[in-house]
Amino acid sequence: MLNAAIKAAKEAGKIIIKSMKNKRIIDYKSAVNILTDTDLIAEKKILSIIKRKFPKHNFYTEESLGKETVSGHLWVIDPLDGTTNFFHTFPHFCISIAHLYNGKVDLGVIYDPFRKELFHAVIGKGAFLNNKKIAVSNIEKLSDALLITGFAYERGEILKKNLRLIDKFFDMGIQGIRRTGSAALDLCYIACGRADGYWEFALKPWDHAAGSLIVTEAGGGITKINGEDYEVFSNDIIASNSRIHEQMFQILR
């Protein structure tokens, strides 16, 4: 399964990079949530590769829900995480592919085609970047941390709430906060120690399913923002190097 997921991610990545100069918006999911033709073309390529190997599996993707079967296998796929970045040629976007068995994520692949960085994890076997093992940072104090967040497409109360939380984090003297525009890559950056903690509201499963496993296999922690155990259909999450998780929770709860 890992080989199929990696092949699918890399083939979709070729499509995405090739189409950067010719992409077009074909729909608006909301006033600020765009859909490009590239999203659909990349998804079609991913599904064709994985379905060829696993025709009886279920698929749950950002652009189409897929056909239900009786299989305990579920693929959760975002063919282009960071579509707004991609459309504006801001070079920070990725393909995210997760496999779940009986509801538990056991494989995650995230590919940044611009930087040619492939993150992957298989449950119990560690997390890797371009086949080199990765680990979360060793930052112990929130005041020494670099954090990442994201903003929901809903620009009402959720946005206002997050802005208030950003202010609280800065009051703690943190080193900085980044907003990159790709939840999947945000989680990979926690996993490889480029940042120390991440939180976001109003997410979808394809935003974080693959990244959740990459974080935990790299030694990090991930929960719901209310402190409950993570699950793939969680909407709001905290991910961290584990060391600052409780400190983040105290601000976010």
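The values are calculated or read from the model by the stated rules, or taken from the named source; none is laboratory data. Small disclaimer: the values here were computed from a predicted structure and weren't measured. All Cβ positions, even for glycine, are placed from backbone atoms using ideal geometry, and neighbour counts span all protein chains on display.
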**Complete:** Gln175 vs (1) surrounded by 15 or more Cβ atoms within 10 Å (Cβ to Cβ); (2) in contact (Cβ under 8 Å) with a residue 24 or more places away in the chain; (3) in contact with a helix residue (DSSP H, G or I) (Cβ under 7 Å, 6 or more places away or on another chain); (4) of a type outside the set (D, E, K, R): all pass except (1)
**Fill in**
Within the range 83-111, residues being assigned to a loop (DSSP other than H, G, I, E, B) and of a type outside the set (A, V, I, L, M, F, W, C) number 6
**Message:** Suppose the filter is closer than 22 Å to Leu185 by Cα, in a helix (DSSP H, G or I) and either modelled with pLDDT under 95 or touching a Leu at 6+ places or on another chain (Cβ under 9 Å) (or both); does Phe59 pass it?
**Reply:** no
**Prompt:** What are the residues in the range 116-133 that are surrounded by fewer than 18 Cβ atoms within 10 Å (Cβ to Cβ), in contact with an Asp or Glu (Cβ under 9 Å, 6 or more places away or on another chain) and more than 11 Å from Leu213 (Cα to Cα), if any?
**Reply:** Asn130
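For (1) in contact with a Leu (Cβ under 6 Å, 6 or more places away or on another chain); (2) part of a helix (DSSP H, G or I); (3) under 25 Å from Val105 (Cβ atoms), each residue gets a yes or a no:
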site: Arg115; (1), (2), (3): no, no, yes
site: Ala121; (1), (2), (3): yes, no, yes
site: Leu185; (1), (2), (3): no, yes, yes
site: Leu203; (1), (2), (3): no, no, yes
site: Ala210; (1), (2), (3): no, yes, yes
**Prompt:** In this structure, does Tyr153 turn out to be among the aromatic types (Phe, Trp, Tyr) and buried (at least 22 other Cβ atoms within 10 Å of the Cβ)?
**Reply:** no
**Fill in**
Counting only residues that are without any contact (Cβ under 8 Å) to a residue 40 or more places away in the chain and either of a type in the set (S, T, N, Q) or under 16 Å from His57 (Cα atoms) (or both), the range 82-103 contains a total of 2
